[in-house]
Structures are given as structure tokens and as C-alpha cells.
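Trainee: Mind having a look at this structure? Questions to follow.
Just so it is clear, none of the values below were taken in a lab; they were calculated from the coordinates. Computed from a predicted model, the values in this text were never measured in an experiment. Every residue, glycine among them, receives a Cβ derived from its backbone with ideal geometry; neighbour counts consider all protein chains shown.
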Amino acid sequence: MPNITYVSHADERTVVEVPVGWSVMEGAIQNDVAGIVAECGGGCACATCHVFVDPLWIDKLGEQTVMEQDMLECTAIESTERSRLSCQIKVTSNLDGLIVHLPENQS
């Protein structure tokens with residue numbers, strides 16, 4: 001299983017094995033990673049699973065959908081070019097080692 005590293009706003013790292021096919025959000029929720037709220041359960045409807053993708057990984061992810069782009073306008077912390085909704089990042093074997101940084105808060 002790919003390892004995903006979640007970095008808290010306080011720079012604490014949590015490494016989680018996430019099954020291929022799950023989302024980065026599901027990996028966080030199923031492993032009690034603090035900082036991912038996921039109020040909508042992964043439906044791309046709440047923006048409470050906002051993450052900042054590490055610069056080394058941003059180009060390795062697929063394109064954002066229009067829906068994700070729209071939801072990124074609703075994040076509690078201002079989004080950047082590295083912003084993604086973790087519910088929209090599907091884990092593949094190519095994402096082994098992915099690093100995502102969590103914002104200070106989600107709401």
C-alpha cells in the first residue's frame with residue numbers, strides 16, 4: 001500500500017498506509033489523522049478536507065475538476081496553487097510517498 005504523509009499545521013508528520021483506490025481523505029479519516037474534517041464524507045461539497053500538496057508532488061496529481069475548483073473557493077484558509085481537496089485525490093501506487101500539508105483549520 002502507498003504511504004501518504006500528512007503534515008499538521010504544527011509540522012507534526014503522520015505516515016499512513018492507504019489502500020489503492022481510496023482517497024487521501026479516506027486514508028486520513030480511517031486512521032484518525034487530525035485536521036481533516038470531511039463534513040460531506042467525500043462528496044466534494046464542503047471543502048473541509050482542504051490540503052496543500054507538497055511542491056514536489058503537485059504535478060504528479062491529476063487535474064482538478066470544475067467542481068473541485070469551485071469548492072476550493074470556499075475553504076476556511078485561503079487556497080493556493082498547491083490547494084486540493086483530499087477527497088478528490090485518488091490513491092494510486094504512483095502516489096507512494098505523497099506529502100500533504102494540513103491548513104490551520106478547516107472551518
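Trainee: Under the 0.36 nm per residue contour assumption, what length would be gained going from the current alpha-carbon distance of Asp54 and Thr80 to full extension?
Mentor: 8.2 nm is the gain from fully extending Asp54 to Thr80.
Trainee: Follow-up. Taking N as the number of residues in the chain, what value does Rg over Cα atoms divided by 2.2 N^0.38 Å take? Don't jump to the answer; show the numbers that get you there.
Mentor: Details: Rg = 12.1 Å, N = 107, 2.2 N^0.38 = 13.0 Å.
My calculation over the Cα atoms of the chain gives 0.93.
Trainee: Please figure out what share of the DSSP beta bridges in the chain is antiparallel and state it in percent, rounded to the nearest 5. Could you put the intermediate results ahead of the total?
Mentor: Values: 11 of 14 bridges.
So the antiparallel bridges in the chain amount to around 80 percent.
Trainee: How far apart, in nanometres, would the label points at Thr5 and Ala45 be if each is projected 7 angstrom from Cα along the Cα-to-Cβ direction?
Mentor: 3.5 nm
Trainee: What is the extension gain from Ser107 to Val20, computed as 0.36 nm multiplied by their sequence separation minus the C-alpha to C-alpha distance, in nm to one decimal?
Mentor: Numbers: separation 87, 0.36 × 87 = 31.32 nm, distance 2.85 nm.
Stretched fully, the Ser107-Val20 segment lengthens by 28.5 nm.
Trainee: May I ask you to derive the relative contact order of the chain, considering only C-alpha pairs under 8 Å and at least 6 residues apart, and to give it as an integer percent?
Mentor: Values: 226 pairs, mean separation 43.8, N = 107.
About 41 percent, as a whole number.
Trainee: Something else now. Report the charge-dipole magnitude of the chain in Debye, nearest 20, computed about the Cα centre from +1 at each Lys and Arg Cβ and -1 at each Asp and Glu Cβ. Can you show the working numbers first?
Mentor: Details: 5 positive and 16 negative charges, 43 e Å.
Value, rounded to 20: 200 debye.
Trainee: Between Thr80, Gly97, His9, whose Cα lies farthest towards the positive end of the dipole of segment 3-101 when Lys and Arg beta carbons carry +1 and Asp and Glu beta carbons carry -1, centred on the Cα centre?
Mentor: Toward the positive end, the furthest listed residue is Gly97.
Trainee: Scan around Asp96 for amide H atoms under 5 Å from its own, H built in the peptide plane at 1.01 Å from N, and keep only partners 5 or more places away or cross-chain.
Mentor: none
Trainee: Tell me the mean residue ellipticity at 222 nm calculated for the chain from its helices only (DSSP H runs of n ≥ 4, each -39500 (n - 2.57), averaged over every residue, nearest 500). Spell out each step's value before the answer.
Mentor: Numbers: 2 runs with 13 residues, N = 107.
The per-residue figure over the chain is -3000 deg cm²/dmol.
Trainee: Show me the trypsin sites (Lys or Arg not before Pro) within segment 1-84 that DSSP assigns to loop and that have at most 16 other Cβ atoms within 10 Å of their Cβ.
Mentor: On the way: sites: Arg13, Lys60, Arg82, Arg84; in loops: Arg82.
Listed in order of number, the matching sites are Arg82.
Trainee: Let me ask something additional. Within the chain, which is the longest segment containing none of the GluC sites (Glu not before Pro) that sit in a DSSP loop and have at most 13 other Cβ atoms within 10 Å?
Mentor: Details: sites that count: Glu12, Glu39, Glu63, Glu78, Glu81, Glu104.
Result for the longest clean stretch: 13-38.
Trainee: What are the ³J(HN,Hα) couplings of segment 102-107, residue after residue, when phi is run through the Karplus curve with 6.51, -1.76, 1.60 and θ = phi - 60°? Round to Hz, x for glycine and proline.
Mentor: 3J(HN,Hα) across segment 102-107, in whole Hz: 8, x, 4, 8, 10, 8.
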